[in-house]
Structure formats: C-alpha cells, structure tokens
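Please treat every number below as a calculation from the coordinates, not as lab data. Everything numeric here is computed off the predicted structure, so don't read it as measured data. Note that we place each Cβ from the backbone using ideal geometry, even for glycine, and neighbour counts take in every protein chain shown.
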Amino acid sequence: MNKKLKIFIIIVILALIGVGIYFYMQNSNTKNDKPNYQADKTIAQENTSKDEHISNEENTSKNEDTVNNNDNETENSTPENSSNNTSKTVEEQLSAFSTKIYSNDSNRTKNMELTTNTLNGTIVKNGETFSFSNTIGPATSSKGYLEADIYDHDGNKKKGYGGGNCQVSSTLYNAVLATSNLTIIERHPHSNYVPYVPEGKDAAVAYGSYDFKFRNDTGNDIKILSSLTEGLVNVTLMSLKIQ
C-alpha cells in the first residue's frame with residue numbers, strides 16, 4: 001500500500017470518527033433538553049397551581065368577608081336596645097270600698113259570690129263606658145243564681161233570682177265615687193231603704209230595667225277587682241299605667 005492510500009484511509013477514518021462524534025453530541029443534547037423541558041413544564045404547572053390556590057384562597061377570603069359583612073349588616077339592622085322597646089303595665093290602686101253583709105241568707109250570699117266572681121278582673125278601657133248589667137248579664141237559675149230578697153218598684157220586699165246583686169253594684173258605685181275622672185252615666189236608687197250603704201249612695205240594678213254605668217275618663221285603662229270575704233263585699237279599682 002502506497003503512502004497516498006494510507007493517508008486517504010486515515011482521513012476517511014478521521015472523518016467517520018468526526019461524524020460519529022457529531023451525532024453523539026446531538027443525541028446527548030437532545031436527551032438533556034427533554035428533562036429540562038419537563039422540569040420547566042413541571043415548575044410552570046406548580047406555579048400555576050400555586051397561583052390558582054392563592055386565587056382560591058383570596059376568593060374564599062373575599063366570600064368570608066362578604067358573609068361577615070352580611071352578618072354585620074344583619075346585626076346592625078337589629079334594633080338597638082330592643083329591651084328598651086318593651087313596655088310594662090304597672091297597676092296602681094285608685095280606690096277601694098267594702099260593704100258589710102247584713103243578712104245570713106245563704107242564697108243571697110251565693111248570688112253575691114257569683115256576681116263578684118264575674119265582675120272580678122273586668123277591664124274598662126280609657127274612654128269606655130262600663131255597664132253593670134251587660135257585664136254580669138241576667139241572673140238566672142241556669143247560671144246558679146238563687147231566689148233571695150229584692151224590692152219591687154213600689155218598695156215591697158219579695159223573692160227574686162239574683163237578690164243581693166244590688167249590694168255588689170252599690171259597693172262598686174261607692175268605689176267609683178271615690179275615684180277622680182270616672183263619670184257616672186246611669187245610676188238608680190232603691191225603692192226602699194238598704195242598710196249596707198249610706199242613704200243616696202246605693203245603685204239599684206235589674207237586668208233589662210235598671211243599670212249602673214260609668215265612663216272611664218282617667219286617661220288609663222282600669223281594672224275592677226271584686227271579692228266576697230267573710231262578712232264583706234269588696235271592690236278595688238286599679239289604674240293600668242303603661243311604662
């Protein structure tokens with residue numbers, strides 16, 4: 001083999017080696033590029049996820065702030081010191097009057113017990129007119145009333161259902177007389193003497209005929225308290241003041 005051929009072969013081998021080295025380097029760069037790209041992509045995804053997480057936290061915080069603001073608005077819309085708007089009614093005694101039961105007639109006592117029980121607790125509103133007859137109603141046996149002494153129009157004593165009711169109405173009449181701004185609308189004297197109140201201080205009642213009425217001009221509602229204790233008919237008038 002001559003010298004020129006050897007040189008040519010050496011050049012070819014060197015060229016092939018160079019080409020091999022070139023392709024080797026290209027493959028090596030390609031392999032290195034892929035991990036870098038994937039790493040970059042992963043980092044980008046993580047950053048995006050973080051951004052989204054931060055954004056979600058901000059939105060959640062904003063939503064919580066909105067809820068808190070709504071709660072505050074609700075609390076602020078609640079009337080302040082609502083307890084101050086609560087009024088209470090105070091009862092104040094205006095007058096009281098009692099009359100002595102002069103008779104031992106159990107029927108009469110029973111009738112007065114029924115009537116005082118019905119009358120007790122009656123509210124007469126300010127400006128309203130009270131009617132004894134309308135409040136008590138007719139004295140009938142079906143309601144438990146019994147026959148006891150009454151006066152007819154001529155002053156004669158006789159038996160009738162509800163005998164004794166006039167003592168209750170007369171007791172109430174005297175309690176009304178002792179109270180300012182209670183205006184008497186209707187009142188009738190008995191046709192004969194009655195022993196339980198002074199003369200001229202009685203108030204006869206007979207359903208459908210005689211009534212006792214008064215108007216409440218006190219400026220407040222009033223409550224009538226009535227009771228039958230041993231030997232006495234009691235009436236107390238209470239003013240209902242709103243504070």
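Amide H to amide H under 5 Å from Ala206: which residues, 5+ apart in sequence or cross-chain, H placed 1.01 Å off N in plane? Sorted by chain and number, the residues that satisfy this are Asp211. Each peptide among 139-145, 160-166, 185-191 gets the average number of other Cβ atoms lying within 10 Å of its residues, and from highest to lowest they stand as 160-166, 185-191, 139-145. Counting neighbouring beta carbons within 10 Å and listing from fewest to most, the residues Met25, Met238 come out as Met25, Met238. For segment 176-225, the relative contact order works out to 43 percent when only alpha carbon pairs closer than 8 Å and six or more residues apart are counted. Stretching the chain fully between Thr86 and Leu232 yields a gain of 48.7 nm (0.36 nm per residue, less the alpha carbon separation).
If you average the sequence gap of Cα pairs under 8 Å that are 6 or more apart and divide by the length of segment 89-242, what percent do you get for the contact order? So the answer I get is 38 percent. Cross-link pairs exceeding 29 Å between alpha carbons, from the set Lys213/Lys241; Lys100/Lys213; Lys157/Lys213; Lys125/Lys158; Lys143/Lys241; Lys100/Lys159: Lys125/Lys158; Lys143/Lys241. Proximity of backbone amide H atoms, modeled 1.01 Å from N, is registered between Leu146 and Asn111, Gly162 at under 5 Å, excluding neighbours fewer than 5 places apart on the same chain.
Using the count of nearby Cβ atoms within 10 Å as a rough guide to exposure, how do Asp152, Asp202 rank from fewest to most?
Working: Asp152 12, Asp202 23.
Starting with the residue having the fewest Cβ neighbours, the order is Asp152, Asp202.
Ordered by the count of other Cβ atoms within 10 Å of each Cβ, fewest first, Glu147, Glu199, Glu230, Glu91 give Glu230, Glu199, Glu91, Glu147.
Here the 3J(HN,Hα) profile of segment 201-217, calculated from phi with Karplus coefficients 6.51, -1.76 and 1.60 at θ = phi - 60°, is 10, 9, 9, 6, 9, 8, 4, x, 10, 9, 9, 10, 10, 8, 10, 8, 10 Hz, Gly and Pro shown as x. Please give the contour-minus-distance gain from Thr183 to Lys143: 0.36 nm per residue of separation, less the Cα-Cα distance, rounded to one decimal in nm. Stretched out fully, the Thr183 to Lys143 stretch lengthens by 11.3 nm.
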